[in-house]
1. If Rh is defined by the Kirkwood formula over all Cα pairs and Rg also comes from Cα, what ratio Rg/Rh do you get for the chain?
2. Tally the DSSP beta bridges in the chain and give the antiparallel ones as a percent, rounded to 5.
3. So what's the angle, to the nearest 10 degrees on a 0 to 90 scale, between helix 594-606 and the longest Cα principal axis of the chain?
4. Which whole-Hz ³J(HN,Hα) couplings does the range 449-460 yield from phi under the Karplus relation 6.51 cos²θ - 1.76 cosθ + 1.60, θ = phi - 60°, glycine and proline marked x?
5. Compare the peptides 320-332, 477-489 by average per-residue count of other Cβ atoms within 10 angstrom and give them in order, highest first.
6. I'd like the orientation of helix 47-57 relative to the chain: the angle between its Cα long axis and the longest Cα principal axis, in ° from 0 to 90, rounded to 10.
7. On a 0 to 90 degree scale, rounded to 10, what angle separates helix 465-478 from the longest Cα axis of the chain?
8. List the residues whose amide H sits under 5 Å from the amide H of Glu391, counting only those 5 or more places along or on another chain, with H placed 1.01 Å from N in the peptide plane.
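The values are calculated or read from the model by the stated rules, or taken from the named source; none is laboratory data. Just so it is clear, the structure is predicted and the values come from calculations on it, not from any experiment. Note that we place each Cβ from the backbone using ideal geometry, even for glycine, and neighbour counts take in every protein chain shown. Note: accessible area is taken over every heavy atom of the protein model, side chains too, but ligands, DNA and RNA are not part of it. Shrake-Rupley method; radii C 1.70, N 1.55, O 1.52, S 1.80 Å.
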Amino acid sequence: MVLSKCVRRSVRIFKSSSIGRHYVTAAIQDASKFRNMALVAHIDSGKTTLTESILLKSSYLSASGTVDTGSTTTDFLPVERERGITIQSASIPVKWKDWTFNLIDTPGHADFGMEVESASRIVDGAVVLIDSVEGVESQTKGVWRQLDRYGVGTRIIFLNKLDRPGASFRSSLLSLLKHRLHPNPMALTLPIASFNPRHYSEGEPGIQGLVDLVRWNVLKWDEEGEVSTHPLPKNVDDFQNLDVIPPSHPLSSHLVFARVQLLENLSMVSEEFMEILLNLPPDPSAYLQVDNMLVMRHLREASLRGQILPVISGAAMKHVGTDLVMDYVGELLPSPVDVAHEAQRNHPPVQLLAWKVNWDEKRGWMTFVRVYSGKLTRQTTLVNTNRNQKEKVAKLLLLYASEAKEVDELPFGSVGVILGLKYTRTGDTLVSAGVSDSFKSALRDITPPPPVISASVIPRSHSDLQPVQNALESLSRTDPSLRVDVQEGQILVHGLGALHLEIVEGRLKDEWKVNFEFGRRYVSYREALGSMLPSPEWDVWQTEVSGKPVSVKVPLAIRSMEPQEKGDPVWDGNIVIDEKGKPVPAPESMPGSPLIYVAEGVLNALSNSPHSTLPMTHLHIQVGDVKNLGSRVPSIITGAAAAVLRKRIRDASMGPILEPFVALKISVGESNLGKVVKDLTERGGEILDLDEDAPASSEDMGGYPDDGIYIPPDWMSPSGSPSSLVRSSSSHMKRNVEAIAPLSQFLDYSSRLRSLSEGHGLFEMTGAGFREVPEERRMDILREIGRA
């Protein structure tokens with residue numbers, strides 16, 4: 001409840017250092033000029049820093065803040081400023097040239113993956129940042145899969161932090177192929193580490209400029225961060241007279257080759273462009289004279305088809321490359337009219353998706369929406385198709401992180417905030433009141449990742465119970481990845497990781513001011529289906545209603561999932577399909593049908609096993625023809641489905657127990673490597689890879705081949721080249737350990753690794769799904785949960 005107080009206080013602090021903001025105060029009507037886009041990346045790749053740089057370059061800010069000083073615009077929560085990390089996505093409209101970007105800065109930590117999930121659902125394109133020292137990292141692949149899941153096909157890579165020692169343009173580009181992000185990355189810019197050729201031989205880190213291979217010019221940044229643009233010659237012979245890059249500079253002789261490679265690679269995905277190149281004269285300068293706007297048009301077409309992955313380079317902290325990121329977002333990412341959408345005829349009905357819900361003490365519930373059809377105005381009456389509830393729009397806002405500007409309307413394709421909605425939650429669809437039933441079908445839902453860790457919440461006194469429950473209900477509405485339930489009279493919260501629950505605990509105390517204690521944290525185990533056959537007529541449920549016997553036969557076919565089958569996140573790793581083999585959506589997304597009532601019962605039964613009380617997983621459930629159930633009371637159908645599924649699970653006897661595993665990437669000194677590996681193996685970890693912290697080479701790439709791909713030479717990043725790394729190596733060589741291990745043994749790994757590595761170890765941890773445990777471990781888990 002004190003969230004808005006903290007926000008207002010942080011906003012006042014920020015205002016004192018940043019004045020003269022430029023707002024997008026009017027809703028833009030031309031949807032082709034919208035770019036709904038997200039910044040996504042592994043943690044500490046520079047998303048918030050790039051956002052700050054974009055706000056500065058677009059004149060929204062007169063001075064940019066930094067993560068280190070806690071003065072950034074989009075990290076406005078006190079806990080974000082205190083920890084220097086992003087824990088919630090923040091939306092901000094940015095005006096750049098003719099375009100309006102609805103920019104969403106997302107968290108990079110896996111514990112806050114729900115924020116990336118909801119943002120991925122409503123954006124049309126994304127900029128994926130990569131730390132050029134590290135290359136593709138674990139959560140880079142995690143957010144990439146989230147974008148895949150929601151069909152966000154057009155993406156731009158921004159190779160950030162090229163000013164840092166050890167940064168490598170070549171290795172970062174190769175890592176895109178190694179980790180199979182895309183088979184056709186295409187470098188649109190080249191970094192200029194220094195305009196002094198001597199620095200290349202000395203291995204000096206830095207980035208002072210960029211070569212734009214499409215527009216065929218050089219951008220040079222001075223010490224104040226101001227950029228100047230220098231056109232490149234259209235004739236090969238004129239390079240000898242070029243001032244900005246002298247002939248002695250290693251880039252001078254490479255630029256024509258890089259431009260030719262870009263155009264030829266583009267022609268491989270465009271027959272029309274290939275014809276243009278084939279008709280060029282044999283003059284070596286011909287590729288330099290191809291019209292830049294023509295090149296841009298074919299780049300856009302190839303990007304929208306997903307045939308290429310544009311790659312831009314820079315350093316957001318120094319504002320190097322920010323202008324180009326915004327230019328190429330406008331040029332290459334899709335607008336709302338470029339993706340599948342309802343035809344926008346005269347006065348089409350309104351259709352919205354709620355992608356995020358926040359609480360503000362002053363404004364009340366704030367519902368973030370994307371307009372998929374029509375034009376939303378104030379005082380409009382909407383129908384929530386998921387909950388069959390009418391909602392009244394009180395106000396419409398454009399939100400600038402923590403600050404808001406009221407507007408009169410939100411047109412097709414726009415992203416904004418509604419005040420006044422009482423029932424809507426994340427993932428709900430809202431439509432105009434009075435529209436036909438055919439238009440009321442729910443848009444695709446947003447699926448929270450499954451929880452992997454739990455803790456009990458203990459109110460300090462009986463009078464604290466209701467405030468704690470109210471606070472948890474409000475917090476779970478703003479954060480759907482937080483699950484709350486009551487088991488045997490105890491309140492339990494389930495989250496995505498130890499840090500997630502730590503943040504939840506802090507927000508409950510600091511923002512809602514409730515009195516409670518968190519119990520011991522423990523991981524969320526699962527149970528699979530046993531192997532015993534069902535009893536006769538297990539699918540028939542008999543009960544009494546108003547003194548009369550009732551018998552219901554529920555058409556369910558139940559088996560264990562095959563190893564090659566992949567569980568549905570909507571059903572917590574189970575598969576639930578209808579009679580035609582199509583996935584059954586979440587129950588709240590299809591109100592009023594017999595199938596939904598069966599689905600509610602199935603969901604209820606899967607939530608806890610009759611053997612262990614653990615949630616069930618890896619079940620394959622097919623719901624047959626439900627027409628015969630149509631005349632039944634909904635509560636009877638739901639109760640019958642839950643009862644027969646529980647009976648089937650009980651008949652099968654207790655199945656295997658599964659526990660969550662995590663993927664670990666650990667970086668330690670050579671002298672501490674043995675202790676770290678020994679600790680991993682003693683705690684059930686499996687070592688996957690053990691290597692030196694050396695740059696990648698094409699010989700050991702296990703992903704897409706680099707045939708026909710422009711791969712820059714090593715010298716282009718002087719401090720990241722092999723020769724530079726050899727010069728800087730010492731007895732303190734870092735070693736990387738990649739492993740998979742049970743989460744339960746690594747909840748406190750930060751302090752343990754600090755002890756094992758004498759304070760010099762670093763690690764990353766991401767979810768690796770659930771794995772079946774051996775018999776000995778199974779008995780330990782059953783004893784732990786009191787079921788042995």
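1. Details: Rg = 28.2 Å, Rh = 28.6 Å.
Radius of gyration over Kirkwood radius for the chain works out to 0.98.
2. Details: 110 of 138 bridges.
Around 80 percent antiparallel, to the nearest 5.
3. For helix 594-606, the angle is close to 90 degrees.
4. 3J(HN,Hα) across the range 449-460, in whole Hz: x, x, x, 10, 9, 9, 7, 8, 10, 10, x, 6.
5. Values: 320-332: 23.2, 477-489: 15.6.
My ranking of the peptides, most packed first, is 320-332, 477-489.
6. Long axis of 47-57 versus the principal axis of the chain: about 50 degrees.
7. Orientation of helix 465-478: about 40 degrees from the principal axis.
8. The list, which skips near neighbours in sequence, is Leu382, Val383, Asn384.
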